[in-house]
Amino acid sequence: MKLTEILKGIMGKEDASAAELRVALYSVDVAFREDKVLAAEKARAAILLNDTDDELDKADEALKAAIRERDRAKVGHAEISRRLAEAEVAEAAAALDAARAAVEKEAEFVAKLLAEKWTKAQAEMVLILRRLIGAEKAVEDMNARLAAAGRDDAIAPVETRAFPSPEYELASLHSIARLTSFRELPGAPGWR
């Protein structure tokens, strides 16, 4: 594809993506066109010493065309580079905006969920915890009475019935009642 076609194609596209601009930038090879200018200058210099004015006119035209093509490539390369930098900034900002919007949407959803459900769920959990603590205390007291009476038919703790402890670990290390970190919230029933 000719340089003019590449430049017209990409310059005419105001909303070109960074990927499209990178492809165009790669296609605008300034070094290749600089080499063509050097070759045209060398050919013209050789003609100056040995050939006719007609041949020199042709060499001048070839050099002029090579210089124009090189200059067009330089200007095009600079403009595409500028637009590429702008496109990369815009695309990065758009990606960041999209990520922010997704996080904001999730945060808003969870805040609504907390406002609608947490107080009720926490009140239920506080009630369960209070009953758990009471049941565990009753089991502990009963087991003490059974032991004092010389009996070995102890009652198993409540928590380990629902959630068996990992093998070779103390049940108290996994106690829901001991590890819960609920904080009292205004308006959350069950605390008082």
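Nothing in this text is a laboratory measurement; each read-out follows from the coordinates by a stated rule. Keep in mind the model is a prediction, meaning the values are calculated, not measured. Cβ sites come from the backbone with ideal geometry, for glycine too, and all protein chains shown count toward neighbours.
Pairs K13/K64; K13/K58; K13/K42; K117/K137; K13/K105: which exceed 32 Å Cα-Cα? Could the numbers behind the result be given before it?
Values: K13/K64 29 Å; K13/K58 36 Å; K13/K42 38 Å; K117/K137 30 Å; K13/K105 34 Å.
Check vs 32 Å cut-off fails for K13/K58; K13/K42; K13/K105.
Stretched out fully, how many nm does the piece from E108 to V75 gain, at 0.36 nm a residue minus the Cα gap?
Values: separation 33, 0.36 × 33 = 11.88 nm, distance 4.89 nm.
Roughly 7.0 nm would be gained on extension.
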Go through 65-78, 97-110 and give me the packing order, highest mean Cβ count within 10 Å leading.
65-78, 97-110
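Can you run the Rg to Rh ratio on the range 110-173? Use alpha carbon positions and the Kirkwood inverse-distance Rh.
Numbers: Rg = 16.9 Å, Rh = 14.3 Å.
Taking Rg over the Kirkwood Rh, I get 1.18.
State the dimensionless ratio Rg/Rh of the chain (Rg: radius of gyration of Cα atoms; Rh: Kirkwood radius). Intermediate values should be presented prior to the final figure.
Details: Rg = 40.7 Å, Rh = 25.4 Å.
Ratio value, two decimals: 1.60.
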So, how do all the Cα-to-Cα distances of the range 13-77 break down into 5 Å bins, in percent, from 0 on up?
4, 19, 19, 16, 12, 10, 8, 5, 4, 2, 0
Counting only other residues whose beta carbon sits under 14 Å from that of E86, what net charge do I get with K and R as +1, D and E as -1?
-2
Taking only Cα atoms, what is the 0 to 90° angle, nearest 10, from helix 53-113's long axis to the longest principal axis of the chain?
10 degrees
